[in-house]
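These notes concern the structure reproduced below.
Read the figures in this text as sums done on the coordinates, not as results from a lab. As the structure is a computational prediction, the values presented were derived from the model and not from experiment. Here Cβ is always computed from backbone atoms with ideal geometry, including for glycine, and neighbour counts include all displayed protein chains.
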Amino acid sequence: MKVTIKTPEEIIKMRVAGRLAAEVLDYITPFVKPGVTTGELDSLCHNYMVDVQKTIPAPLNYAPAGHSPFPKSICTSVNKQICHGIPGEKVLKNGDIVNLDITVISDGYHGDTSRMFYVGEPSIQSRRLCELTFEAMWRGIDEIAPGKSLGDIGHAIQKLAEGVGYSVVREFCGHGIGAKFHEDPQVVHYGRAGTGLKLEAGMIFTVEPMINAGKAAIRHLPDGWTVTTKDNSLSAQWEHTILVTEDGHEVLTVSANTPPKPDYKFS
Ligand code: MF3
Ligand code: CO
Ligand code: CO
């Protein structure tokens, strides 16, 4: 597959899709509380996408090669779950951390974004992991401009995460996105500055680092989708969809309540 440069018409549709994906996260935020199940969060989001937004939940029945169809409309990854958690009967309890990953299809184009949520009051360690991961995503996004390379993004993320003793998941990465959910290029969250694909205006891809508090190794659950840390350490992830512009970048997955870029406090 080739990395595509989006046309001005496609960029307009991607901006709408990105905003709508972020608005699902705004919508679900007040429901993420102790006692709710991940399945309930999924049905609320599903109904909001289908009935209110008139968007299509891209995960539902998504079946890339080698996978069974994903059975739900959002991904809910709790505590040691890294990504692709399947919503179900799991009851969220005080102190849990959960990633909600939303991908909508609007007018044929995809918007993909995820945030971490605290269920009740987080532990000091959970808060630190989620904040570090948020800053890591932003340090990666900061690198994005024409003439920079994918390796600059990965390097910025890896340096921050490993600098505090956390680790970067290797098996999953950011991705080009547009009329297809997952397009080229692969945007890995580690690497060497100045290496890899050179960025050009009109490219659109996600930045979505998964950071483990312990070691980087992963485990696949028998459900065919859920990925957890092998050492049972906590894991966090944040995701935005980004357009490369002539003078830098534009975050497409922005809504009224998107958390703003943070002041940097880790190194
Ligand atoms: N939204 C995920 C990503 O950021 C992909 C989820 S695929 C699914 O790429 F099938 F699990 F939904
Ligand atoms: Co993605
Ligand atoms: Co996603």
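When each of His220, His249 is tested for being without any contact (Cβ under 8 Å) to a residue 24 or more places away in the chain and farther than 15 Å from Ser167 by Cβ, the lone residue that passes is His220. Taken together, the residues in region 27-37 that are assigned to a helix (DSSP H, G or I), in contact (Cβ under 8 Å) with a residue 12 or more places away in the chain and not aromatic (Phe, Trp, Tyr) amount to 2.
For Leu160, the conditions (1) surrounded by 22 or more Cβ atoms within 10 Å (Cβ to Cβ); (2) closer than 22 Å to Tyr27 by Cβ are fulfilled apart from (2).
Inside region 230-247, residues that are away from ligand 1 (no atom under 13 Å from the Cβ), farther than 16 Å from Glu171 by Cα and polar (S, T, N, Q) make up a count of 3.
Can you pull out every residue in region 91-126 that is charged (D, E, K, R) and either within 16 Å of ligand 2 (Cβ to nearest atom) or in contact with a Pro (Cβ under 9 Å, 6 or more places away or on another chain) (or both)?
Passing the criteria: Lys93, Asp96, Asp101, Asp112, Arg115.
Mind listing just one residue for me: the one in region 185-207 that is touching a residue at least 60 places away in the same chain (Cβ under 8 Å) and more than 19 Å from the chain's Cα centre (by Cα) and, of those, surrounded by the fewest Cβ atoms within 10 Å (Cβ to Cβ)? Break it down into steps so the answer makes sense when it comes.
Start the filter on region 185-207 by keeping residues that are touching a residue at least 60 places away in the same chain (Cβ under 8 Å), which leaves 185, 197, 200-204, 206-207.
After this cut, where a residue has to be more than 19 Å from the chain's Cα centre (by Cα) as well, the list is 197, 200-202.
Numbers: Leu197: 16, Glu200: 12, Ala201: 16, Gly202: 18.
If we take residues in region 185-207 being touching a residue at least 60 places away in the same chain (Cβ under 8 Å) and more than 19 Å from the chain's Cα centre (by Cα), then Glu200 is surrounded by the fewest Cβ atoms within 10 Å (Cβ to Cβ).
Please specify each residue of region 56-71 satisfying the condition of being in a loop (DSSP other than H, G, I, E, B) and crowded, with 23+ Cβ neighbours inside 10 Å. Within region 56-71, Ala58, Pro59 meet the criteria. Inclusion of Arg128 among residues that are of a type in the set (D, E, K, R) and crowded, with 21+ Cβ neighbours inside 10 Å is not warranted.
Of the residues Val3, Val16, Val50, Val24, the single one that is in a loop (DSSP other than H, G, I, E, B) and either aromatic (Phe, Trp, Tyr) or over 22 Å from Leu221 (Cβ atoms) (or both) is Val3.
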